[in-house]
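Notes follow once the structure below has been shown.
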Amino acid sequence: MVTAFELDDLTTIANTSRTLSPTSKKLITLFVGDEKKKWLGIGPYDLNSDQKKLAAEMVCDFLKNTRTTFFPKLDPHRVGIGILRRIAKPSLIDQDQASMCGPSALMFSYASDKPGQYARFAIDLYQKGQANLGRLLIKPGKDVKNYTPPYSLDHVDWLTCASIRDSENWFLDFDDTGRISDVAGITLPSEMEQWFRKAGYQDVREETNLKFSKGLDSVNEANSLLAGGYRVCLFISANMIEYDDQSDEGSVLTRHWVVLRDRIQVSNGNVTTTIFTWGKGDYAIPHPGKGGAQKPLSIGDFLMNYYGYVAAKA
């Protein structure tokens, strides 16, 4: 465990030490994170299992030898520290502006359930240009390997999520965070099901509809599976999780994958729950607006933008 107070101490050391090398100061700064630059990550960090500790040792070995890479535009220190932080806190995984919600949901689940395999996957991708995610061979194209992500997108999330999305595309290239890749980045429910299955998850269930929203029976099923220890990825319209748009019906282009974190509660005709999305593991639905303004999300508005789930057990 590295507490918030210890992170402050590390910051003081990095800022005042006269003997630390520039590389050491950089690694400490990346590890601590910055509240003004949330994509760098915020602690505290907790390696609370043997799996996480072994994964962290693997990353430290990687950081001692970062010369070999098939991703020349990615900073090896940002990649290594990014892996380390996500082992301790998987909710840091963030697609930023890129259309990578499907791979992000998969990586959040994988880093949470299989931290050692997540670390091995990311390191192999960086060092070998391809890697196995269970039985799924991820082999991204040269455009992904030679792309410089915007500073707001963490290098390890581009490395892993963009590689998955590009490797699995048979028609369109996914190679940047722009409009063309918005279409190439769409993850269909059948793909999400296969990803979880090939990544080593058990009893994978796909209960979605691309065109028509689902009903309360599907919500109850999702809740039961969550209570049974399954990872449950909801297929929704992104309108649902935006304060200004939560009562508007979305389109095919607003389809979005999130990971259910708490039971979907229905009370007095309104819905509340918590999800993982966009680098937050405790994203509240309904989500407050600017200034903390709150308004309820009716069951009708929720169901209008809810298209089912993919669930799997680690």
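Every number in this text was worked out from the coordinates using simple rules, so none of it is lab data. What you see is a predicted model, and the numbers here were worked out from it, not measured in a lab. Neighbour counts run over all protein chains shown; Cβ positions are idealised from the backbone, glycine included.
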How much net charge surrounds Ile13 when only the other residues with a Cβ under 12 Å from the Cβ of Ile13 are counted, with Lys and Arg +1 and Asp and Glu -1?
-1
Peptides ranked, highest mean first, by Cβ atoms within 10 Å: ranges 106-114, 74-82
106-114, 74-82
Find the all-direction average of the projected area of the Cα convex hull for the chain, expressing the result in square nanometres with one decimal place.
16.3 nm²
Low-density loop cleavage sites - chymotrypsin sites (Phe, Trp or Tyr not before Pro) in the stretch 115-163, where at most 16 other Cβ are within 10 Å (DSSP):
Tyr151
Once you order the gyration tensor axes a ≥ b ≥ c over the Cα atoms, which shape class does the stretch 47-127 get: rounded for a/c under 1.5, otherwise prolate or oblate by comparing a/b with b/c?
oblate
With an 8 Å cut-off on Cα pairs and a minimum separation of 6 or more residues, tell me the relative contact order of the stretch 4-187 in percent.
21 percent
Just from its helices, what would the mean residue ellipticity at 222 nm be for the chain, if runs of 4 or more DSSP H residues each count -39500 (n - 2.57) and the sum is divided by every residue, rounded to the nearest 500 deg cm²/dmol?
-11500 deg cm²/dmol
About the Cα centre, charge dipole magnitude for the chain (Lys/Arg +1, Asp/Glu -1 at Cβ), debye
960 debye
List the residues whose amide H sits under 5 Å from the amide H of Asn270, counting only those 5 or more places along or on another chain, with H placed 1.01 Å from N in the peptide plane.
Ile299
Can I get the semi-axes of the stretch 203-313's equivalent ellipsoid? Compute them from the C-alpha gyration tensor as square roots of 5 times the eigenvalues, in angstrom, largest first.
21, 15, 13
Note the angle between two axes, namely the Cα long axis of helix 115-128 and the longest principal axis of the Cα atoms of the chain, as a number of degrees from 0 to 90, rounded to the nearest 10.
60 degrees
Would you please put 258-270, 209-221 in order of how densely packed they are, using the mean number of other Cβ atoms within 10 angstrom per residue and starting with the highest?
258-270, 209-221
Using alpha-carbon pairs under 8 Å, 6+ residues apart, how would you state the relative contact order of the stretch 203-313 in percent?
40 percent
Note: the stretch 4-187, point scatterers on Cα, Debye, no solvent; log10 I/I(0) at q = 0.13 Å⁻¹ equals -0.63
For the chain, modelled as a Gaussian network with Cα springs under 10 Å, which listed residue fluctuates most, Ile138, Ile13, Ile93?
Ile13
Pairs beyond 29 Å (Cα-Cα), from Lys26/Lys290; Lys142/Lys214; Lys73/Lys313; Lys142/Lys198; Lys198/Lys290:
Lys26/Lys290; Lys142/Lys214; Lys73/Lys313; Lys198/Lys290
With an 8 Å Cα cut-off and a minimum separation of 6 or more residues, compute the relative contact order for the chain in percent.
16 percent
Amide H contacts under 5 Å for Asp262, placed H, 5+ residues apart:
Thr274
Give me the angle, in degrees from 0 to 90, between the Cα long axis of helix 101-113 and the longest principal axis of the Cα atoms of the chain, rounded to the nearest 10.
70 degrees
